[in-house]
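Peer 1: Have a look at the structure that comes next, please.
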Amino acid sequence: MDVALRRPIKPIPFHKSSKDNVSRTLALIKPLLLSSDDKFVRLVLTCTRVYEAIRLEPKFDSKSITDGYRGEFDLDEFNKELLTYLNNSRWFNDLKLRFKSSLKPSKRVIGRLRSGPNGQAIVTAHIDAVALTESGLYQTVQEFNKHMNQTLLNDSMDHCVKHTDRSTLGKVYTGRIALASERGGKTRLFAMGDMWTMNSLQCIHDAGMKALKTIPMDSTFNQGKGFFRILSQSLNKAWIGSADLTKATDRLPVSTMETVLLALTDDQRLSSLWKELLTNRDFRYEDKTFRWAIGTPLGLISGWTIFAIAHHCLVQFSYFTSVGEKKDLFKSYQILGDDICIWHRVVYDQYAKILKGLGINISPEKSMKSVPGTLRFEFAKRTACNGKEITGFPFDLLVLASRSIYGYIDLVRYQIETKFYENPLSLSVVPNYLNQKGYRYLSILLWEADVLCPAVAGNIAPNAALVALRRMMFHIHLMRLKETSERLCTVLGDNTLLEYYGELGLVVTEQLLSHNGPGYHPVVESLNHTGIKLYQVLEHLWTISDAEDLVTHDSYPHLKELCYLPLPHMGAYFERPGRRDPNLSRQHSEIVLEASIRIRSDQPVLVETDKAEEGG
């Protein structure tokens with residue numbers, strides 16, 4: 001990578017190297033890495049990403065969590081200056097209005113299927129409630145919900161505590177730390193909080209995400225768009241720098257984030273309760289407990305969102321304290337969480353100085369600065385040099401594509417998103433593991449993706465094959481939704497929940513799982529809500545005579561609230577760059593193939609069109 005980016009290379013001890021310290025091992029591929037053809041560079045860098053196949057046993061390092069404050073600033077003084085600046089900034093006042101207008105109380109308990117500190121979050125919510133009472137956080141959660149008028153959450157918490165027999169439980173926790181082994185031997189740490197805290201803080205998270213969506217310099221919702229914005233902006237600039245922050249969420253002082261939330265809400269009590277819910281708790285890892293000393297736990301909802309907004313505030317404050325004015329909005333940067341590129345040298349230097357003052361390190365090995373004749377940057381794990389992207393393909397994506405046509409579709413989509421190819425039908429390389437049926441299936445999927453991709457085909461009128469395919473997919477999905485609705489009714493109507501809990505070894509009472517009164521166990525409330533929503537949507541969908549009506553799906557906003565509907569008009573393959581979900585694309589692909597097989601068996605002429613054959 002350093003060769004392709006024209007970066008100075010440190011010599012490798014006791015290793016044969018050229019005069020510019022490049023290993024002799026790379027002698028054959030060095031000309032390709034320095035090629036003016038970005039496709040050559042990307043293909044070679046794809047080969048060098050084989051190291052990503054290495055996955056090691058995760059290692060827990062608590063240093064960034066438990067270390068005290070290492071910054072140079074007096075935090076109280078810095079936070080006062082930051083608050084004064086934010087309160088007098090026109091751009092921030094606009095952001096505040098958007099945040100406040102979106103800050104609304106939660107009207108229901110969200111069923112979370114992920115793991116929690118005591119098991120699967122939604123299933124063990126009653127255990128989480130007991131853990132809160134024993135930790136002293138129960139009253140804090142209740143007070144936060146009263147402050148936000150989230151009474152259903154408090155009623156449901158009370159219901160769970162009242163109808164849970166503490167003697168049937170062992171040790172209970174309000175937080176847990178989990179480790180994940182990542183590509184290249186890295187370890188990622190996640191913090192898991194109790195379900196009640198996660199639900200309570202959902203309102204802060206939602207408002208923050210809506211605010212981030214309005215910031216052009218933020219890439220939370222579209223990483224690809226942010227990358228290409230940097231690429232286009234850097235073409236006309238003489239300098240650009242990208243910074244890699246070390247353990248940023250662990251090290252950015254929570255008091256600074258609290259200051260930003262206070263500026264957003266003008267509510268001292270709300271920001272104080274938010275801070276207490278995130279940091280005044282222990283997190284279990286194996287047989288020990290840990291507490292975040294400076295920053296916030298990555299994984300507790302709203303923590304990352306407020307961190308991202310605070311990051312924007314620090315960049316704007318860097319601009320103001322170096323070259324700007326209070327009313328100005330600095331736009332020469334792009335952020336994705338703790339990932340940042342700035343194409344203004346003075347602001348970058350001031351930004352680095354402020355981070356150092358707050359005790360946040362910028363990794364020199366992973367950060368980049370331009371030098372005369374070479375503009376280079378890295379953003380969202382994608383790299384560019386002199387106006388061209390040179391990112392290699394992810395190793396796990398290649399492995400996935402080598403095993404399944406569904407994975408191959410993901411590889412095609414990645415190539416389109418990163419502009420390696422402009423059109424999926426122009427691809428001449430196809431998997432060599434496919435038999436005749438596999439080639440036909442792949443041609444159907446590529447054809448369907450191509451004619452429905454706005455970036456490739458534009459708004460073309462659907463032909464007979466596409467109309468038939470869309471109708472059949474719509475019908476298949478309706479049947480699946482109907483089956484889901486019927487299963488939910490069975491679970492709620494036949495006391496099947498008690499059996500499920502018994503299979504998990506959890507002792508619960510009928511009173512805990514009842515739905516009489518102001519509060520419910522979250523699993524009951526979630527099943528009820530989902531079942532009712534499914535029933536209402538199904539009732540409406542059955543009245544639609546032609547699935548083509550759903551092309552104007554904006555007319556049916558309640559459909560978006562239900563779940564992902566794998567319909568062609570949603571552009572399942574190429575419409576959402578930077579937000580790939582292999583499970584969703586696989587689900588989409590399976591329904592496309594099932595629909596095409598049904599059509600082929602009933603009306604062969606609809607699939608055997610010229611357009612369909614072009615896909616092969």
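Peer 1: For all pairs of alpha-carbon atoms in region 74-229, what percent lies in each bin of width 5 Å, listed from the first bin to the last filled one?
Peer 2: The calculated distribution, bin by bin, is 1, 8, 13, 14, 14, 15, 14, 11, 7, 3, 1, 0.
Peer 1: What are the residues whose amide H is under 5 Å from the amide H of PHE377, where those residues sit 5 or more places off or on another chain and H is modelled from the backbone?
Peer 2: Here ALA384 satisfy the definition.
Peer 1: How large, in Å, is region 63-357 by the Kirkwood hydrodynamic radius built from its alpha-carbon pairs? Working shown, then result.
Peer 2: Working: mean 1/r = 0.0495 Å⁻¹.
Hydrodynamic radius (Kirkwood, Cα only) of region 63-357 equals 20.2 Å.
Peer 1: Express in nm, to one decimal, how much length is gained between LEU506 and ASN280 on full extension, taking 0.36 nm for each residue of separation and deducting their alpha carbon distance. Could the numbers behind the result be given before it?
Peer 2: Values: separation 226, 0.36 × 226 = 81.36 nm, distance 2.83 nm.
Stretched out fully, the LEU506 to ASN280 stretch lengthens by 78.5 nm.
Peer 1: Return the distance in nm (one decimal) between the two label points of a simple spin-label model at GLU365 and PHE221, each offset 7 Å from Cα along Cα→Cβ.
Peer 2: Result for the modelled spin labels: 3.7 nm.
Peer 1: With labels modelled as points extended 7 Å from the Cα through the Cβ direction, what inter-label distance (nm, one decimal) is found for TYR51 paired with GLU134?
Peer 2: 4.5 nm
Peer 1: Which residues' amide hydrogens lie under 5 Å from the amide hydrogen of GLY175, considering only partners 5 or more residues apart or on another chain, with H built in the peptide plane?
Peer 2: Those lying under 5 Å, H to H, from GLY175 are ARG284.
Peer 1: Quick one: 3J(HN,Hα) in Hz for region 366-383, Karplus 6.51/-1.76/1.60 with θ = phi - 60°, rounded, Gly and Pro as x.
Peer 2: So the Karplus estimates, Gly and Pro as x, are 9, 9, 9, 9, 6, 10, x, x, 9, 9, 9, 7, 10, 8, 6, 6, 10, 10 Hz.
Peer 1: Based on the Cβ-Cβ distance from ILE597 to THR496, what FRET efficiency comes out when R0 is 35 Å, to the nearest 0.05? Can you show the working numbers first?
Peer 2: On the way: r = 34 Å, r/R0 = 0.96.
Efficiency, rounded to the nearest 0.05: 0.55.
Peer 1: Further, regarding this structure: Any of LYS96/LYS275; LYS225/LYS275; LYS63/LYS356; LYS39/LYS225; LYS171/LYS288 with alpha carbons more than 24 Å apart? Name them for me. Please list the in-between numbers first.
Peer 2: Values: LYS96/LYS275 19 Å; LYS225/LYS275 32 Å; LYS63/LYS356 18 Å; LYS39/LYS225 20 Å; LYS171/LYS288 13 Å.
The pairs that break the limit, which is 24 Å between Cα atoms, are LYS225/LYS275.
Peer 1: Rounded to whole Å and ordered largest first, report the semi-axes of the equivalent ellipsoid of region 156-307 derived from its Cα gyration tensor (root of 5λ). Walk me through the intermediate numbers first.
Peer 2: Details: eigenvalues 235, 84, 42 Å².
Output for region 156-307: semi-axes of 34, 20, 15 Å.
Peer 1: Could the peptides 391-401, 7-17 be put in order, highest first, of the mean number of other beta-carbon atoms found within 10 Å of their residues?
Peer 2: On the way: 391-401: 18.4, 7-17: 10.4.
So the order, starting with the most tightly packed, is 391-401, 7-17.
Peer 1: Sort the following peptides by mean Cβ neighbour count (other Cβ atoms within 10 Å, averaged over residues), highest first: 271-280, 518-527.
Peer 2: Values: 271-280: 20.2, 518-527: 22.1.
Ranking the peptides 271-280, 518-527 by packing returns 518-527, 271-280.
Peer 1: How long is the gain from LYS63 to GLU483 if the chain were fully straight, where each residue apart is worth 0.36 nm and the alpha carbon distance is subtracted? Write down the numbers at each step before the final one.
Peer 2: Details: separation 420, 0.36 × 420 = 151.20 nm, distance 4.94 nm.
Extra length from LYS63 to GLU483 when fully extended: 146.3 nm.
Peer 1: Looking at region 86-181, which trypsin sites (Lys or Arg not before Pro) are DSSP coil and have at most 13 other C-beta atoms within 10 Å of their C-beta?
Peer 2: Numbers: sites: ARG90, LYS96, ARG98, LYS100, LYS107, ARG108, ARG112, ARG114, LYS146, LYS162, ARG166, LYS171, ARG176; in loops: LYS107, ARG108, ARG112, ARG114, LYS171.
Taking region 86-181 and a limit of 13 other Cβ atoms within 10 Å, the loop trypsin sites (Lys or Arg not before Pro) found are LYS107, ARG114, LYS171.
Peer 1: Counting only C-alpha contacts under 8 Å and six or more residues apart, can you give the relative contact order of region 66-157 as a whole percent? Provide the component values of the computation, followed by the final result.
Peer 2: On the way: 40 pairs, mean separation 19.0, N = 92.
Relative contact order comes out at 21 percent.
Peer 1: Could you calculate the FRET efficiency of PHE14 with ASN87 from 1/(1 + (r/R0)^6), where r is the beta carbon distance between them and R0 is 41 Å, rounded to 0.05? Could you put the intermediate results ahead of the total?
Peer 2: Values: r = 58 Å, r/R0 = 1.43.
Calculated transfer efficiency: 0.10.
Peer 1: Applying 1/(1 + (r/R0)^6) with R0 = 35 Å to the Cβ-Cβ distance of SER102 and GLU77, what FRET efficiency is obtained, to the nearest 0.05?
Peer 2: 0.65
Peer 1: Can you pull out the chymotrypsin sites (Phe, Trp or Tyr not before Pro) in region 307-343 whose DSSP state is coil and whose Cβ has at most 10 other Cβ atoms within 10 Å?
Peer 2: Listed in order of number, the matching sites amount to none.
Peer 1: Provide the packing ranking of 363-369, 38-44, 252-258, i.e. peptides ordered by the mean count of other C-beta atoms within 10 Å per residue, highest first.
Peer 2: Values: 363-369: 13.6, 38-44: 18.4, 252-258: 22.3.
Highest to lowest by the protection proxy: 252-258, 38-44, 363-369.
Peer 1: Which value, in debye to the nearest 20, describes the size of the charge dipole of region 63-357 about its Cα centre when Lys and Arg Cβ atoms bear +1, Asp and Glu Cβ atoms bear -1, and nothing else is charged? It would help to have the intermediate numbers written out before the result.
Peer 2: Numbers: 39 positive and 31 negative charges, 163 e Å.
In debye, rounded to 20, region 63-357 gives about 780.
Peer 1: Stretched out fully, how many nm does the piece from LYS356 to ASN435 gain, at 0.36 nm a residue minus the Cα gap?
Peer 2: 22.6 nm
Peer 1: Could I ask something else about it? Need one word for region 163-227: rounded, prolate or oblate. Basis is the Cα gyration tensor (sqrt eigenvalues a ≥ b ≥ c); a/c below 1.5 gives rounded, then a/b vs b/c decides. Numbers along the way, then the final one.
Peer 2: Numbers: a/c = 5.44, a/b = 1.57, b/c = 3.45.
In terms of gyration-tensor shape, oblate.
All of the numbers you see were taken from the coordinates with simple rules; none came from a lab. Here the structure is a predicted model, which means the values were calculated and not measured. Note that we place each Cβ from the backbone using ideal geometry, even for glycine, and neighbour counts take in every protein chain shown.
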